[in-house]
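Report on one structure; see the data block that follows.
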Amino acid sequence: MSEGAVTAGMGRNDFARLLGTMMTQSGETFTLIPTEELVGNSLLPALHGGAIASFLELAAQLALSRTLSPGQSSRLISVNLQFLAPVRLGAISTTPTLMRVGRRVAVVHAEAVERDGAGKLCLAQLEFALERSPSEEKLARNA
Amino acid sequence: MAGDWSLQPGNIPWGNRLGLELVSIGDGLSSLRIGWRRELADEDEALATGVLTSLIDQACGVAVMSRLGRRLAISTLNLKVDHVRSAEARYSATAWAHCYDATEHRAFVRTEVWDTDPSHLIATAQGVFSINRAVGP
């Protein structure tokens, strides 16, 4: 997949669309484009923890959505963030790993790294509830 | 230091971008609110989980400053957020953060987020924050 703003498959999820305009995707790797508005600490400057969390969450959800059937959706239950270093105002990337996709729950790891370096910045473990549309649920029951 | 509004962080671009508002501060507690806007909402018109995590992270930082009574450069070491239920469609969210203990270099914070009523939790969080240095006078 060519690199470009991430807007596909977001439907009416407006916050995802907003974040998508701040991201690019290349294959299974997502990159957050550094802009001033993502800053949480203007002195360093460093990105806001919430901005990094939002980026990793959306990347994880998009990676997960590739494995779900069209009628399935995911909704975040919990996120556990471990920051490793201040996230300076530079491009950060993540290639989420699907640790487990079960019937009702999926666990995804997303690690934020400096795009132009080996530095690890933040680890996120995300747990999603998987929901089926009513028609999918019926199909699954009859299967 | 109760109610010392000078402790509120000045320039936090991401918080400003989302529209986080300080409601109250004092005694290690902070309350921050975010109004509903379509661009912050998910497909069910509820405030998105990433928006709530941003609200929580910033509320925690303000609570730490409130406990220590001065403006500080704070960074998040770890943060666990549980999204208990979806926010009601088109509702604002309010975070109550409590910095219940702190050492010289670390502060410990719990947060609850509610929408329609303080008893209607939509998210809870617990985190540890690194206290780097004092900022300004």
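Of the residues screened, residue A:88 is one that is closer than 25 Å to residue B:51 by Cβ and among the basic types (Lys, Arg). Pairing residues of region A:80-91 that are under 13 Å from residue B:74 (Cα atoms) with residues that are assigned to a loop (DSSP other than H, G, I, E, B), at Cβ distances under 6 Å and at least 6 apart in sequence or on separate chains, gives A:86/A:44. Working only within region A:90-107, note down all residues that are touching a helix residue (DSSP H, G or I) at 6+ places or on another chain (Cβ under 9 Å) and within 20 Å of residue B:85 (Cα to Cα). Matches in region A:90-107: A:103, A:106. One residue stands out among those in region B:30-73 that are more than 8 Å from chain A (Cβ to nearest Cβ) and of a type in the set (Val, Ile, Thr): the one that is surrounded by the most Cβ atoms within 10 Å (Cβ to Cβ), which is B:62. I'm trying to understand the selection: among the residues of region A:32-45, which are surrounded by fewer than 24 Cβ atoms within 10 Å (Cβ to Cβ) and either in contact with a Ser or Thr (Cβ under 6 Å, 6 or more places away or on another chain) or more than 7 Å from chain B (Cβ to nearest Cβ) (or both)? Matches in region A:32-45: A:33, A:34, A:35, A:44, A:45. Going by the structure shown, is residue B:95 within 14 Å of chain A (Cβ to nearest Cβ) and either crowded, with 16+ Cβ neighbours inside 10 Å or more than 24 Å from residue A:45 (Cα to Cα) (or both)? For residue B:95, the condition - within 14 Å of chain A (Cβ to nearest Cβ) and either crowded, with 16+ Cβ neighbours inside 10 Å or more than 24 Å from residue A:45 (Cα to Cα) (or both) - is met. On the stretch given as region B:95-117, residues that are at pLDDT 95 or above and either within 9 Å of residue B:56 (Cα to Cα) or acidic (Asp, Glu) (or both) total 9. Entry remark, region B:13-29: residues being more than 10 Å from chain A (Cβ to nearest Cβ) and surrounded by fewer than 24 Cβ atoms within 10 Å (Cβ to Cβ) number 9 in total. Residues that are more than 20 Å from residue B:76 (Cβ to Cβ) and either within 14 Å of chain B (Cβ to nearest Cβ) or without any contact (Cβ under 8 Å) to a residue 60 or more places away in the chain (or both) within region A:109-134 comprise A:116, A:117, A:118, A:128, A:129, A:131, A:133, A:134, listed in sequence order.
The values are calculated or read from the model by the stated rules, or taken from the named source; none is laboratory data. Since the structure is predicted, the reported quantities are computational estimates derived from the model, not experimental observations. No Cβ is skipped: glycine too gets one built from the backbone with ideal geometry, and neighbour counts run over all protein chains shown.
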